[in-house]
Amino acid sequence: MSKDFKFETKQLHSGQVVDSETNSRALPIYQTTSYVFDNPEHGANLFGLSEAGNIYTRITNPTTAALETRIADLEGGTAGLAVASGMAAITYAVQGVADSGDHIISTTSLYGGTHTLFTHTLKKFGIDATLVNTKNPDDVSREIKDNTKAIFVETIGNPEGNIEDLEALAKIAQDNGIVLIVDNTFATPYLCRPIEHGANIVVHSATKFLGGHGTSIGGIIVDGGNFDWKNGKYPGMSEPDNSYHGLVFADTFGDQAFAYKVRTTLLRDTGAAISPFNSFLLTQGVETLSLRMERHVENAQKVAEYLSQHEKVEWVDFAGLQDSPYKSLQEKYLPKGAGSIFTFGVKGGYEAGKKFIEALELFSLLANVGDAKSLVVHPASTTHSQLTEEQQVEGGVKPETVRLSVGLEHIDDIIEDINKGLDAI
Ligand SMILES: *Cc1c(COP(=O)(O)O)cnc(C)c1O
């Protein structure tokens, strides 16, 4: 789709060509496992990657392709790869650049599942991770070793609400010839496009704001198309691949090489494929992304300001507040707003936090974020409970911490519900 279209137009049209057989205006759901080859030679060409086309829905699907192209376009990347979940997207993005014996650097303020992936699961596959506090980017530089292949951060950290200095991190990555991977789930491409700030790979849990309605799990990897894979550090990209008759991904697929490699090796062989129906629902969500995000940030800003003035509230970590230490980074990287997920602490610790949550009616108590509906959770006992107490403190999870994902209900009703919670303390 023409690069000249604005975000709002792309979110409705990118990646979908009206189906010439049926003229269907909505995106068709291609609920099929496999695709008919024209003849044996056609099949052979598809398998050898010498011709583009569909073979089997584990690897490609036309409904999923619309989602992939749309998100890649909205992020300003060259190609997308949709997979079964955000965690699959993160796992593949890392495994796409790091083999057994390699090392990555990430931050202490991470989504709980990503934290355990990096500190436990990937270690068992020989990929080592060092988690550092990224507030001072020099601390990241200091951890880079010969076998370091990536820096991984979240645009808006979870649950601390910290904003990463993406350009400083991109410079460190560039200076060392390694990739910067950014989980842009909390920001969405409407609020921040990390590739424009030097990121090389963007990942999403499409489960959250992209889908936007809490119906479907899905993940996506976006290839920034801006990395020199032939710098000697990424043999998987620059040397012949024996599972494809010696094909060299960086040569054959140019600025889409990373997305192709992950699709045709990791996804082919380990199979975290997204269902076409989920791709349809997620694409449907993306059609209204900008409108929803505008209201999400407007409501969240009002709730954060309200809480920060309230006598029963001890602290509010929201980068949109004037006194936030992340205010200037927010203005630089998320000028349209600081997202709608943030944490705060009521006075009175764990018990007061629990009372607050129990008294809410509109906010649903559950482990998700980015739904159109308002959500609340107590991270210390749920989403971040697998972390040690020390890791919780490092990641900004205190016993009293309450996390809100402010939804699209009328702001008066949201504030009234918050008051019910505060009154109960
Ligand atoms: C939810 C989430 C994930 C994991 O995504 P799933 O779709 O649940 O697998 C990763 N990162 C962030 C920031 C998330 O919010």
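No lab work stands behind these numbers, since they all come straight from the coordinates. Worth saying up front: this structure is predicted, and the values here are computed from it rather than measured. Backbone-built Cβ (ideal geometry, glycine too); neighbour counts: all protein chains shown.
Observations
- Dipole of the chain, positive direction: furthest Cα of 387, 110, 60, with charges on the beta-carbon: 60
- Looking at the chain alone, DSSP beta bridges between its own residues are antiparallel in about 55 percent of cases.
- Taking 402, 36 and counting other C-beta atoms within 10 Å, the order from fewest to most: 36, 402
- Cβ-based net charge around residue 65, under 13 Å, with every Lys or Arg adding one and every Asp or Glu removing one: -1
- Straightening the chain between residue 248 and residue 215 buys 8.0 nm, computed as 0.36 nm per residue apart minus the Cα-Cα spacing.
- Contact order, relative form, for the chain: 17 percent (alpha carbon pairs under 8 Å, 6 or more residues apart, mean separation divided by residue count).
- Relative intensity of the range 290-423 on a log10 scale, I(q)/I(0) at q = 0.11, 0.22 Å⁻¹, equals -0.36, -1.46, per a Debye sum over C-alpha point scatterers of equal strength in the absence of solvent.
- Simple Cβ-charge dipole of the range 290-423, Lys/Arg +1 and Asp/Glu -1, about Cα centre, in debye nearest 20: 300 debye
- Placing +1 on each Lys and Arg Cβ and -1 on each Asp and Glu Cβ, with no other charges, gives the range 7-286 a dipole about its Cα centre of roughly 540 debye.
- Prolate/oblate/rounded label for the range 1-111 (Cα gyration tensor, a/c 1.5): oblate
- Each other residue within a Cβ distance under 12 Å of residue 408 adds +1 if Lys or Arg and -1 if Asp or Glu, for a net charge of -2.
- Spin-label model, residue 19 to residue 314: label points 7 Å out along the Cα-to-beta-carbon direction sit 5.5 nm apart.
- A straight line joining the Cα centroids of the range 181-248 and the range 324-370 runs 27 Å.
- Relative to the current alpha-carbon distance between residue 125 and residue 423, full extension at 0.36 nm per residue lengthens the span by 102.3 nm.
- Local electrostatic count, residue 160, Cβ distance below 12 Å [Lys/Arg +1, Asp/Glu -1]: -1
- Gap separating the Cα centres of the range 253-316 and the range 372-425, nearest whole Å: 19 Å
- Gaussian network model of the chain, springs between alpha carbon atoms under 10 Å - residue of 278, 176, 45 with greatest fluctuation: 45
- Two-decimal log10 I(q)/I(0) for the chain, as the Debye equation yields it once each C-alpha is a single scatterer, q = 0.05, 0.07, 0.12 Å⁻¹: -0.17, -0.33, -0.96
- Calculated FRET efficiency, residue 364 to residue 135, Cβ-Cβ distance, R0 = 25 Å: about 0.15 to the nearest 0.05.
- Footprinting exposure proxy for 243, 85, 340 (fewest neighbouring C-beta atoms within 10 Å first): 243, 85, 340
- Counting every other Cβ atom within 10 Å of each residue's Cβ, 183, 4 order from fewest to most as 4, 183.
- Across all directions, the average projected area of the convex hull around the alpha carbons of the range 51-154 is 8.3 nm².
- Positive dipole terminus of the chain, leading residue within 29, 212, 374 (C-beta point charges): 29
- Residues of the range 133-159 falling in the label zone of residue 328, defined by backbone nitrogen less than 15 Å from a point 7 Å along Cα to beta-carbon, are 135-137.
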